[in-house]
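Asks: Dropping the structure in here first, questions after.
The values are calculated or read from the model by the stated rules, or taken from the named source; none is laboratory data. On a predicted model such as this, the values are computed, not experimentally measured, just so you know. Virtual Cβ from ideal backbone geometry, glycine too; neighbours counted across all protein chains shown.
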Amino acid sequence: MKNEGIKQPKSEHLKDLGSFDVEPEYAYLWDRCVYELLYDPEKYVKELSDLLNQHGVDKVSNILDTSAGSGFPALDMCESGYKNMVCVDGSDDQISLFNEKAETKGLDIRSQKCSWEDLPQHFDAEQFKALICKGSIWYAGGGWNKEAVPDRESSLKALRETLSIFYSLLSHGGVLYLDKFKDDEIDHKDAVGTFEVQGKKKELIFYTHREKDLNIRRAKMLIKDLETGVEEGLPNVTYDLKAEELEDALVEVGFTVIRPELSEEKFFSTWLAVKG
Ligand SMILES: C[S@@+](CC[C@H](N)C(=O)[O-])C[C@H]1O[C@@H](n2cnc3c(N)ncnc32)[C@H](O)[C@@H]1O
């Protein structure tokens, strides 16, 4: 069966995302999709917890979510009883939404701004028993919300540098959970939801496209104005990282690599990288 990446609902089943006075931010729309279309967060956290637990990570372990985004899965882990989570992200809009959600849920945790290269300035070596890097490692060379033409060599170098930082933050036996879009993901452009802004109908579209000649992958959410047909979105452009290249980089920085099968993760390939 072909892998069509993040799966689209049939057009008659588009998610109704509601009505707004001002255009919602992409971080907000992504968050709605994560929770209402893409994942069952409770089941996902249960499966991830079981996996982490097999490697000695429990609810009092120090855990860093390196790209916490709007809170999936870190906020759900906190709600399920994880007591010592630390969350960072590189984007202000994601951090604001994370913190708003945490406050609404009555959780003490807050996300802080920190890019991966700056992590050693904020945290001690070997401080964490586990790191989570969900939906993001292929942005190590940049390209999140940026137009770019990344090349293989510099992208893999940045990947190794990032993984090496992650490695240094883990204690002996600590684990890094990470994922990546599937190697056989095929290009798609699919409407997933609808909403209105001041009465104007809009459609939310998921889009990914590989430019094979340049070896790059474009992925974005588009907002389509249904009156004018105009589509707008923030670019995310990265080197088209392959699973084998990610595994090679993990091994090169010292990790032992495991490929867990998580039934709750339908869109990405997953890895658990063990230090030592
Ligand atoms: C697709 S989102 C995933 C967020 C969340 N983990 C999820 O699964 O919904 C990717 C996130 O990676 C973050 N990110 C990308 N590059 C980063 C970097 N170099 N340092 C810190 N965060 C980064 C972005 O700000 C964004 O929030």
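Asks: If we keep just the residues of the range 80-100 that are more than 12 Å from the ligand (Cβ to nearest atom) and under 22 Å from Leu29 (Cα atoms), which is nearest to the chain's Cα centre (by Cα)?
Replies: Looking at residues that are more than 12 Å from the ligand (Cβ to nearest atom) and under 22 Å from Leu29 (Cα atoms), I get Asn99.
Asks: Considering only the range 121-154, state which residues are of a type outside the set (A, V, I, L, M), in contact with a helix residue (DSSP H, G or I) (Cβ under 8 Å, 6 or more places away or on another chain), surrounded by 21 or more Cβ atoms within 10 Å (Cβ to Cβ) and over 23 Å from Met221 (Cα atoms).
Replies: Within the range 121-154, just Phe128 meets the criteria.
Asks: Restricting attention to the range 210-237, which residues are of a type outside the set (Asp, Glu), surrounded by fewer than 13 Cβ atoms within 10 Å (Cβ to Cβ) and under 26 Å from Arg152 (Cβ atoms)?
Replies: Lys212
Asks: Look through Asp118, Asp179 and report the one residue that is of a type in the set (Asp, Glu), buried (at least 16 other Cβ atoms within 10 Å of the Cβ), within 13 Å of the ligand (Cβ to nearest atom) and closer than 27 Å to Ala273 by Cα.
Replies: Testing whether each residue is of a type in the set (Asp, Glu), buried (at least 16 other Cβ atoms within 10 Å of the Cβ), within 13 Å of the ligand (Cβ to nearest atom) and closer than 27 Å to Ala273 by Cα leaves just Asp179.
Asks: How many of the residues making up the range 125-176 are among the β-branched types (Val, Ile, Thr), within 14 Å of the ligand (Cβ to nearest atom) and either free of Cβ contacts under 8 Å to residues at least 60 places away in the same chain or under 20 Å from Thr208 (Cα atoms) (or both)?
Replies: 3
Asks: Which residue, of Lys212, Lys200, is of a type in the set (D, E, K, R) and at pLDDT 95 or above?
Replies: Unique residue meeting the criteria: Lys200.
Here's the yes/no breakdown for (1) closer than 18 Å to Pro24 by Cβ; (2) outside any strand (DSSP E or B):
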site	(1), (2)
Gly193	yes, no
Glu196	yes, no
Lys202	yes, no
Tyr207	yes, no
Arg210	no, no
Arg218	no, no
Leu222	yes, no
Pro235	no, yes
Leu241	no, yes
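Asks: What number of residues within the range 177-190 satisfy the criterion of being in a strand (DSSP E or B) and touching a residue at least 40 places away in the same chain (Cβ under 8 Å)?
Replies: Residues flagged as in a strand (DSSP E or B) and touching a residue at least 40 places away in the same chain (Cβ under 8 Å) within the range 177-190 amount to 8.
Asks: Still on this structure: Give the number of residues within the range 13-32 that are modelled with pLDDT of 95 or more and part of a helix (DSSP H, G or I).
Replies: The qualifying residues number 7.
Asks: Something else now. Considering only strands (runs of 3 or more DSSP E) fully contained in the range 33-125, which possess at least 2 residues that are of a type in the set (Phe, Trp, Tyr), in contact with a Gly (Cβ under 6 Å, 6 or more places away or on another chain) and closer than 22 Å to Ser164 by Cβ?
Replies: none
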